[in-house]
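First comes the structure, then the notes that go with it.
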Amino acid sequence: MKLSFIGLGRMGAGMAGSLLRAGFELTVYNRSQPALEALVGRGAHAAANVAAACDADVLISMLADDAAAEAVVLGEGGVLEHLPRDAIHLSMSTLSVALSKRLATAHASAGQRYVAAPVFGRPDAAAAAKLFIVAAGDSSAIAACQPLFDAMGQRTFPLGTEPSQANLVKLSGNFLLAAAIEALGEAIALVGKAGVDPEAFVDVLASSIFPAPAYRNYGLAIAQGKFEPAGFTAPLGFKDIRFVLQAAEALEVPLPLAGLLRDRFLRLLAGGGERLDWAAIGGLAGEDAGRGQT
């Protein structure tokens, strides 16, 4: 299998590293050189441009947002123009439902196969091959990609033949995480103002009624006011909530809580929070309570 990877940010670099560690021969492309050079030092081959990376049976992309994905795939000299017929574009980015539908249609018209397989997990999980992967697209294409999923993640969830459904599931999961962060922030602000140790409160929650890593990890970040370095930045969280609201509008599904989260992210970004982890929206409740950022 000729395999290429485009997009070597903190997530992509970890995922590409997992593929190399599993023994796959890999060609990589990234606009910035340091990430590219690090993987070449581990045995990857460097592609000079997107077109060169498209000489593959499976091309994986892990890009930051819709704008980057649209430019790389649909732009001049992009993936759609150079990927061979019947080759697979495995998009593991968190994209909007609308763009995923466009990409699926464009690839089908070009005789290429498109699989959407966004992931749940932060950069440390990507580096450790512990991601959870949600995949949708042609069943034979998903089967062909399964060895790659196994190398990058701990479990894959096939969701059907419509790629955009995987993107909707990923966005809905991030919506739930953002809602949990906001609820944690409000509860921590409440008990903290009453004199309860916020970290002790988080321990109670995570050890009893909410025994999930998200509650412990995000809860501690909020209790300690520790939002740097960001594992997932506030602008990316804001992007995902906007995509959730777009999908909800298209399906005529009211999501009042998502509207509140959009405004919380706007407030955080307006206050200079671009470099913070998205958990920083949970710190806003402490400010509202007159306690400063918790």
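Quick notes
- Restricting attention to region 40-70 and to residues that are touching a Gly at 6+ places or on another chain (Cβ under 7 Å) and assigned to a helix (DSSP H, G or I), the residue that is surrounded by the most Cβ atoms within 10 Å (Cβ to Cβ) turns out to be Val50.
- Criterion violated by Gly111 - all others in (1) out of contact with any Phe, Trp or Tyr (no Cβ under 7 Å at 6 or more places or on another chain); (2) crowded, with 18+ Cβ neighbours inside 10 Å satisfied: (2)
- Qualifying positions in region 132-165 - in contact with a Ser or Thr (Cβ under 7 Å, 6 or more places away or on another chain) and at positive phi: Gly137
- Extreme residue, surrounded by the fewest Cβ atoms within 10 Å (Cβ to Cβ), among residues of region 147-182 that are closer than 17 Å to Ala98 by Cα and aliphatic (A, V, I, L, M): Val169
- Top-ranked residue of region 33-74 - restricted to ones that are within 20 Å of the chain's Cα centre (by Cα) and free of Cβ contacts under 8 Å to residues at least 12 places away in the same chain, ranked as nearest to Pro84 (Cα to Cα): Ala71
- In region 223-240, the qualifying residues are those that are touching a residue at least 60 places away in the same chain (Cβ under 8 Å) and within 21 Å of the chain's Cα centre (by Cα), and the one that is surrounded by the fewest Cβ atoms within 10 Å (Cβ to Cβ) is Leu236.
- Selection from region 270-294 of residues that are surrounded by fewer than 18 Cβ atoms within 10 Å (Cβ to Cβ), without any contact (Cβ under 8 Å) to a residue 60 or more places away in the chain and among the hydrophobic types (A, V, I, L, M, F, W, C): Ala270
Taken together, the values in this text are just the output of simple stated rules run on the coordinates, not laboratory data. Just so you know, these numbers come straight off a predicted model, no measurement behind them. Glycine gets a Cβ as well: all are built from the backbone with ideal geometry, and neighbour counts include every protein chain shown.
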